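What follows is a short report on a single structure.
The values are calculated or read from the model by the stated rules, or taken from the named source; none is laboratory data. This one's a predicted model, so the numbers in the text were calculated from it and none came from an experiment. Glycine also receives a Cβ, built like all others from the backbone with ideal geometry; neighbour counts cover every protein chain displayed. Side chains included, ligands, DNA and RNA excluded: accessible areas come from the protein's heavy atoms. Shrake-Rupley method; radii C 1.70, N 1.55, O 1.52, S 1.80 Å.
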Amino acid sequence: MKKLDILVIEDDPAVRKLIRTTLETHGYGCESAEAGETGLMLALSRNPDLVLLDLGLPDMDGLEVLRDLREKSNMPVIVLTARSEVSDKIQALDSGADDYLTKPFSVEELLARIRVIQRRLAVTQTRLPGEEVFVNGSLKIDYMQGMVYLDGEPLHVTPSEYRLLCVLSRNAGRVLTYRYISREIWGNEWESNIASLRVFVTTLRKKLEKSGDSRSYIQTHVGVGYRMLRL
Ligand code: CA
């Protein structure tokens, strides 16, 4: 697998050093910036495979960095946040983050999230054969093109939301446990993924609610998981 070049935008020297050491130990290329503006500049000039972006930066809000970056690039971004409120995470995901890590996070957690991005980058061009188009009510998913349509209009979803939609739609009608979905999306079954999953389902539901059809596509099974209903 190609060695990823990763840009870290983080003002805390200790966290930056930990990430750099971890990445270099595991064979990743690493560059770092201590502030938003220099980070943004590096991201656009060096075009890294992945950006790890701290939300609390000295010169500008990390969300602002993320939005600026998204105007110009689709490179994967994992947001690092000390903020525990779900709304901040939703905001980061809505602004185009692919994933987030809440501080303090473990080295293993960081590496696992990076591997998820790495796998996604590796399989983007080689989708599994099988059903090519999924239609359910106003929702249409073109697996070949990686496109989602609602009422015939293209619907913007983040890469993580798309993976969730694929897992749910390919298993439409079945109740899927948090563990199952977590394994499908992240390749592991960590308890902490349940919180991430809730955030992704929330943002995805909000987008699907824009449909003229008021019925709910994703059913919650409290304490168990989710099911995509066949409408
Ligand atoms: Ca910070």
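Results, tabulated for the structure shown:
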quantity	calculated
Entirely in the range 1-104, the helices (runs of 4 or more DSSP H) that have 1 or more residues that are loosely packed, with under 14 Cβ neighbours inside 10 Å and of a type in the set (Gly, Ala, Ser)	13-25, 36-46, 86-94
Complete set of residues in the range 149-165 that are open to solvent by 10 Å² or more (accessible area, probe 1.4 Å) and either part of a loop (DSSP other than H, G, I, E, B) or outside the structural domain of LEU197 (by TED's automatic domain parsing) (or both)	ASP151, GLY152, LEU155, HIS156, VAL157
Residue within the range 69-78 that is out of contact with any Cys (no Cβ under 9 Å at 6 or more places or on another chain) and within 16 Å of the ligand (Cβ to nearest atom) present	yes
Long-range neighbours under 7 Å by Cβ, at least six apart or interchain, first residue within 10 Å of ILE9 (Cα to Cα) and in the same structural domain as LEU121 (by TED's automatic domain parsing) within the range 36-61, second within 11 Å of the ligand (Cβ to nearest atom) and among the polar types (S, T, N, Q)	LEU55/THR81
